[in-house]
There are 4 protein chains.
Amino acid sequence: MYKIGIVGASGYTGVELARLLVNHPDVELTVATSRQYAGQKLSDVYPNLRGLTDIVLEDVVIEDLVGRADLFFTAVPHQTAMNIVPAFLEAGKKVVDLSADFRIDDAEVYEKWYQSHIAKEYLSEAVYGLPEINRAKIKEARLVANPGCYPTSIILGLAPLLKNGLVDPASIIADSKSGTSGAGRSANTATLYCEVTDGFKAYKVGDHRHTPEIEQEIGKLAAQGVTISFTPHLVPMIRGILSTVYAGLVKDVSQDEVDSLYQEFYKSERFVRPCTPGTFPSTQFVRGSNYCDIGCKVDPRTKRLVIVSAIDNLVKGAAGQAVQNMNLLLGLEESAGLGVVPLFP
Amino acid sequence: MYKIGIVGASGYTGVELARLLVNHPDVELTVATSRQYAGQKLSDVYPNLRGLTDIVLEDVVIEDLVGRADLFFTAVPHQTAMNIVPAFLEAGKKVVDLSADFRIDDAEVYEKWYQSHIAKEYLSEAVYGLPEINRAKIKEARLVANPGCYPTSIILGLAPLLKNGLVDPASIIADSKSGTSGAGRSANTATLYCEVTDGFKAYKVGDHRHTPEIEQEIGKLAAQGVTISFTPHLVPMIRGILSTVYAGLVKDVSQDEVDSLYQEFYKSERFVRPCTPGTFPSTQFVRGSNYCDIGCKVDPRTKRLVIVSAIDNLVKGAAGQAVQNMNLLLGLEESAGLGVVPLFP
Amino acid sequence: MYKIGIVGASGYTGVELARLLVNHPDVELTVATSRQYAGQKLSDVYPNLRGLTDIVLEDVVIEDLVGRADLFFTAVPHQTAMNIVPAFLEAGKKVVDLSADFRIDDAEVYEKWYQSHIAKEYLSEAVYGLPEINRAKIKEARLVANPGCYPTSIILGLAPLLKNGLVDPASIIADSKSGTSGAGRSANTATLYCEVTDGFKAYKVGDHRHTPEIEQEIGKLAAQGVTISFTPHLVPMIRGILSTVYAGLVKDVSQDEVDSLYQEFYKSERFVRPCTPGTFPSTQFVRGSNYCDIGCKVDPRTKRLVIVSAIDNLVKGAAGQAVQNMNLLLGLEESAGLGVVPLFP
Amino acid sequence: MYKIGIVGASGYTGVELARLLVNHPDVELTVATSRQYAGQKLSDVYPNLRGLTDIVLEDVVIEDLVGRADLFFTAVPHQTAMNIVPAFLEAGKKVVDLSADFRIDDAEVYEKWYQSHIAKEYLSEAVYGLPEINRAKIKEARLVANPGCYPTSIILGLAPLLKNGLVDPASIIADSKSGTSGAGRSANTATLYCEVTDGFKAYKVGDHRHTPEIEQEIGKLAAQGVTISFTPHLVPMIRGILSTVYAGLVKDVSQDEVDSLYQEFYKSERFVRPCTPGTFPSTQFVRGSNYCDIGCKVDPRTKRLVIVSAIDNLVKGAAGQAVQNMNLLLGLEESAGLGVVPLFP
């Protein structure tokens, strides 16, 4: 049994990690931190965990906790992560960081979209933790930068097309819609029940921080620099991201060919499910699970492809993908602990 | 007091017409039909109207009802409308048809996307009822084709740009999201509470019937043929459409110039509200009202404009716009009966 | 035109007052305060009001604003209200207070459930503002204590029974369910979208502060002291309260007799709608309106009556009732400005 | 590996059984029937199951399928169940019936609340499948009548009190609230998204068919005949039942004593979780799981106890409890396949 720590266990991503880890056959949760709730049982803050774990939340005192786990998840905001991740690495621990701090290869780009970086020396070492794309590198890493939720849905949706040169990277428009859990658990007027329910809106139009992360990774797949339009929206639902991605075709291709391409590209992947041809995904069918479902439509009228992908933002978009990365880092079965069936209805 | 009839009063659009008409100062509701609920009081089917109207639903027997109103709303499905609208016109009545049957100028296009048309002779006469664009023609008409909900949001969003030649019509992508009331009140597994809640999905990807209607009308504004990508999505909310529209800029333009353009273009329009610069609309702020709110972002990175527009699909997207058209047809104050303040929260 | 001020205009109750007042034919909104948003336009904080009012929020400096209105709504938390209401009264203004501070006749009871009271001398003067029960007194008052949302639904539901001695007051159990807007607009983890959606819970079981208010008012109707069980619950909806009230019958009575009793008791009331016999209310059919809908079931098996009443907590449960009280205080038509049709769907 | 059949696999209860069984270590799903979707893969009807089962739905031809499983779940409407259950029993199979047909001991009572019964000879044999109460009998049974969702929540909430004679059975009032999945997947106007969302209502006030089932089982616990008030309500949420139960105390008892009583009564039960004293359950904390959470409040003012219990209606209220019963019938670990952690948020 490997010992696992969660730094930042009382946010939605943190408790989602706990939900997955309490049922994981090969690891045990030995450390869970929370500044706000230090001293309380995690299961008193999140009564869904009652009877499943007795772990007590503690303050983040790295020297006290670093020795009590083999691998740490850092589920803290960006800028906080860069302040604590190095200490774990220096102590010989593996880290899956769920913040944005180690996702951007180029410190200048990071500093343009976020703020100054104080641990740049780790940027080149960190592996972008999308197992379907970077599995081999992840297995060898000690620091995995767990991808953002929006980028996961968009990159997995576009990868087969970009790898096969079917679409013009300059034409890509990603229109994404996220459930409200993506905004976290901070008390905030904007995410009150009454401000979200029975409403729909765009936010951060043209300047969301996931933009450079998406451009970096699809640029690698396309083997060229890419600039995209990306618009996130807030959906009155708890979990789920659905991305609708538009891309101009650079050659004639039939619907059947595209369907086959996705089936083939993802045939060995446990967590990517191309939809039955002619159908499209719904976030409802991945809720609570680590799946990414993808549908694709060739539109000969406009010579564009429309790709629709769906994930649970807290699972494949955060905690589930982090556990998948943990499994790879520790040499465990990649899908261990990730067998949760999507909850529908 | 003008006498008004609603054919198809027990669907969501029909009862929304009734909601607006019971408070209208210049008209009275004298006819309301429903095959399913004939013989029942409308306020027993929709108890929100209890105490506000005693009208009894009746079956559609045109010769019995045609003499009892000056103007008829036909709030019935496409194909049904074309079977009844001519009778009203021939009896000298004015008609606002809320179906798709008289929106498409070209019968061939209609028949390609819908089914065969049996009243083609009225197509050239019907006026597309978007008052902000066609006000003068509506005032002279006897048959108004009330626009579709998605087209209303998209056309109003794009009109200032197309009229001023700022964007390339061939580049337009409209990604729209609608509340569930747009699917009507028919018993249908797909729109059950449990099939919609906490979920988000695209539907009719690449082949929604509003596509030719949008293309026709923005083609007129652009003064050229236009082919667009249009993807509708289903949002777990009752009311509201938000359209996010992407269009390539054909010249350099600043954010300020675009903001001013919208303010100027709509400065005399009571029901179109350009957002405060830097902010974007939410469907919550138009709920229950006849407003269309519009925000716009110039993205110099991608040389695209992103336009976001929001309406209540049952009001500006259907019944409210129909009442606005009725007011124009009858020579009343255009905003009469449409003073409902958006309900928030 | 009377001039009206709202102290506390940026909470949900405050903006609901504004929604109603901008369409009121006989008053104009001249003062709107908000500590948090002072200096901003109300319509920038609540864009649903865009185009309907240009009023700018200001800080609460009583001597600056007291002369600029004839009547003030105080829509502030309890304890805050008692600190400002006297100043308005002393300046000769009328006040409708939406807090709990002047609802309880007995200062000792108030201090037991809330905290110490610093304006006790106004308690005997304040009139409990339930027009259907206290209309005559309200017309003569200068200070109206606007009822709580839960008490409004419960008292209106029970009044016909208590006035006619049909039920045993000691047997009353009120199980109430409220939408989330009742919790206000403060940033609070407990009312975040993700903490409320797809969930249902009881809160303040056995000790909610509306208990003594309900007991006081139904005690007056029953002409005896009353102790009740009252349990509030939080519903994943924005607006609405539904109260299910159980009361033991003290004599045999038929369903028809009870139905007739409610019809008769409320026959002159514009805002109370007994349901069609055999049907029960839903909060959906009062949404946005000032109605209270009531249904009643005689259960001969248990010799109990089950009364179900529904209101919109922000309208009949707060702002709408406050406007109704304002109309009475100013000698206006009681229903002026309250003609909003319930929004369904 | 035991072979298991689901008769009625395409309703919400049926697919919930499938969700639990695909992850069960000791059984395999070999038969799944659906009249409506015969010939289709279950995972095409419910894409959440894609990649987890390839089972094809088939029509219900009992002689074709009876030999292909060791135990059958009958997840069909009442009256349908009584027509097929006997055939399975006569073929030597065990049955967990999820309908109401075998829950009521007394055929006369059944026929009064439902309709005539054609398999009365099995009523005395059927065991009421509430494992926490009837575990020993279930282990010996061949036919288990799986309890209704409302009764499960109410009986588990009251059992410790009734077994210990703390409350007056004649005083019991159960006010229950259910998510919409309890209404099933039939196309029905009343359960459309727009008819449920942002609304709350009571239904079947005074005459819901679960009443005699509750009275029968709590009568056994109280060792006397019991007549209760029971009012179900519809909550705008997918899953969950919360029951608020009021009962008059027959002796003085402290909050601590009651808290201890629940802890002790359920100390060996894996699936019943008394809440931390002072806290009450929410349906959110049991979502997707087989737990029943219970909180209790002694109210000395009214000399009543208020008991609040929460379950997921599709799991502990249906499919999960059925799997728990299956495990007992087959001699498996009682909690096998039921380790799903509640999904929050």
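The values are calculated or read from the model by the stated rules, or taken from the named source; none is laboratory data. Owing to the predicted nature of the structure, the values given are computational and were not obtained by experimental measurement. Virtual Cβ from ideal backbone geometry, glycine too; neighbours counted across all protein chains shown. Calculation scope for accessible area: heavy atoms of the full protein, side chains included, ligands and nucleic acids excluded. Shrake-Rupley method; radii C 1.70, N 1.55, O 1.52, S 1.80 Å.
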Practice item. Over the whole of D:50-59, what's the average partner chain Cβ count within 10 Å per residue? Rounded to a whole number, please. Key: 2
Review point. Which value, in square angstrom to the nearest 100, describes the accessible area buried between chains C and B on both sides, using a 1.4 angstrom probe?
Key: 2900
Check your understanding: With charges only on Cβ, +1 for K and R and -1 for D and E, what is the dipole size of chain A about its Cα centre, in debye, rounded to 20?
Key -> 540
Practice item. Determine the shielding of peptide B:225-232 by partner chains: average, over its residues, the number of Cβ atoms on other chains within 10 angstrom of each Cβ. Key: 4
Practice item. Enter the Cα centre distance for the pair the range A:87-151 and the range C:123-172, rounded to the nearest angstrom. Key: 63
**Study point:** A:ARG142-D:SER335 pseudo-label distance in nm [points 7 Å out on the Cα-to-Cβ vector]
**Key:** 3.8
Exercise for review: Using the structure shown, list the pairs from B:LYS120/B:LYS204; C:LYS201/C:LYS303; D:LYS137/D:LYS316; D:LYS94/D:LYS137; C:LYS112/C:LYS204 with a Cα-Cα distance above 23 Å, or answer none.
Suggested key: B:LYS120/B:LYS204; C:LYS201/C:LYS303
Study note, to complete from the structure: For the range C:16-119, dividing by residue count, accessible area per residue (probe 1.4 Å) in Å² works out to 40
Exercise for review: For every other residue with a beta carbon closer than 14 angstrom to the beta carbon of C:ALA336, add +1 if it is Lys or Arg and -1 if Asp or Glu, then tell me the sum.
Suggested key: -3
Revision key, fill the gap. For D:CYS275 the rounded accessible area (nearest 10 Å², probe 1.4 Å, non-protein molecules ignored) is 20
Review point. Looking down the axis that turns A into B, which residue of A has the closest beta carbon, and how many Å out?
Key: A:ASP175, 2
Review point. Relative to the other copies, what are the label-point distances for A:ASP26, with labels 7 Å from Cα along the C-beta vector, expressed in nm at one decimal and sorted shortest first?
Key: 2.7, 7.5, 7.7
Exercise for review: Give a residue-ordered list of calculated ³J(HN,Hα) values for the range C:99-115 (Karplus: 6.51 cos²θ - 1.76 cosθ + 1.60, θ = phi - 60°; whole Hz; x for Gly, Pro).
Suggested key: 8, 8, 5, 10, 8, 9, 5, 9, 4, 5, 5, 4, 5, 6, 8, 10, 8
Review point. Just A:GLY165, A:GLY51, A:GLY206 to compare: in a GNM of chain A, with alpha carbon springs under 10 Å, which one fluctuates most?
Key: A:GLY51
Check your understanding: For the range C:100-245, what % of the accessible area comes from carbon and sulfur atoms, probe 1.4 Å?
Key -> 46
Check your understanding: Can you give the accessible area of C:SER260, probe radius 1.4 Å, in Å² rounded to 10?
Key -> 70
Check your understanding: What percent antiparallel are the DSSP beta bridges of the range C:35-180, to the nearest 5?
Key -> 10
Practice item. Output the peptides C:210-218, A:118-126, D:24-32 sorted from most to least packed, where packing is the average of other Cβ atoms within 10 Å over each peptide's residues. Key: C:210-218, D:24-32, A:118-126
**Study point:** Cα-centre dipole for the protein assembly as shown with unit charges at Cβ (Lys and Arg positive, Asp and Glu negative), debye to 20
**Key:** 0
Exercise for review: Round to the nearest 10 and give me the degree value, 0 to 90, for the angle of helix B:81-90's Cα axis relative to the longest principal axis of chain B.
Suggested key: 70
Exercise for review: Taking chain A as the reference, fit the longest principal axis to its C-alpha atoms, fit the long axis of helix A:210-222 to the helix C-alpha atoms, and give the angle between the two in degrees, 0 to 90, nearest 10.
Suggested key: 60
Study note, to complete from the structure: Under the Karplus relation with 6.51, -1.76 and 1.60 and θ = phi - 60°, whole-Hz ³J(HN,Hα) for the range B:57-64, x at Gly and Pro, equal 5, 9, 5, 8, 10, 4, 5, 6
**Study point:** Shape category assigned to the range D:1-74 from the gyration tensor of Cα positions, a/c cut at 1.5
**Key:** oblate
Point to revise | 0 to 90° range, to nearest 10: angle between helix D:320-330 axis and chain D longest Cα axis | key: 70
Exercise for review: Please work out the Cα center distance from the range C:22-45 to the range D:57-77, rounded to the nearest Å.
Suggested key: 66
**Study point:** Share antiparallel - DSSP beta bridges, the protein assembly as shown, percent rounded to 5
**Key:** 50
**Study point:** Cut-off 17 Å, label 7 Å out along Cα→Cβ of C:LYS251, residues of the range C:211-225 by amide N
**Key:** C:222-223
Check your understanding: Considering only DSSP beta bridges with both partners in chain B, what is the antiparallel share in %, to the nearest 5?
Key -> 45
Review point. Around B:LEU29, with a cut-off of 13 angstrom between Cβ atoms, what is the net charge of the other residues, counting Lys and Arg +1 and Asp and Glu -1?
Key: -2
Check your understanding: Tell me, what HN-Hα J-couplings in whole Hz come from the Karplus equation 6.51 cos²θ - 1.76 cosθ + 1.60 at θ = phi - 60° for each residue of the range C:245-255, using x for Gly and Pro?
Key -> 10, 10, 8, x, 6, 9, 8, 5, 8, 8, 4
Check your understanding: Just counting partner chain Cβ atoms within 10 Å, what average do the residues of peptide C:294-306 show around their Cβ?
Key -> 4
Review point. For the range D:201-345, what class follows from the C-alpha gyration tensor (a ≥ b ≥ c being the square roots of its eigenvalues): rounded when a/c is under 1.5, otherwise prolate if a/b is larger than b/c, else oblate?
Key: rounded
**Study point:** Reach of A:LYS41 by Cα under 19 Å, taken over lysines that are not fewer than 8 positions away in the same chain
**Key:** A:LYS3
Study note, to complete from the structure: Spelling it out for A:MET237: with amide H atoms placed in the peptide plane at 1.01 Å from N, the residues 5 or more places away or on another chain with amide H under 5 Å from its amide H are A:THR180
Practice item. With runs of 4+ DSSP H residues as the only contributors, calculate the mean residue ellipticity of chain D at 222 nm using -39,500 (n - 2.57) per run, divided by the residue total and rounded to the nearest 500. Key: -8000 deg cm²/dmol
**Study point:** Nearest-20 debye value, the range A:179-246 charge dipole, Cβ charges on Lys, Arg, Asp, Glu
**Key:** 120
Practice item. Would you give the gap between the C-alpha center of the range D:198-255 and the C-alpha center of the range A:242-265, rounded to a whole Å? Key: 54
Check your understanding: Which semi-axes, in whole Å and largest first, does the equivalent ellipsoid of chain B have when worked out from the alpha carbon gyration tensor as the square roots of 5 times its eigenvalues?
Key -> 32, 21, 20
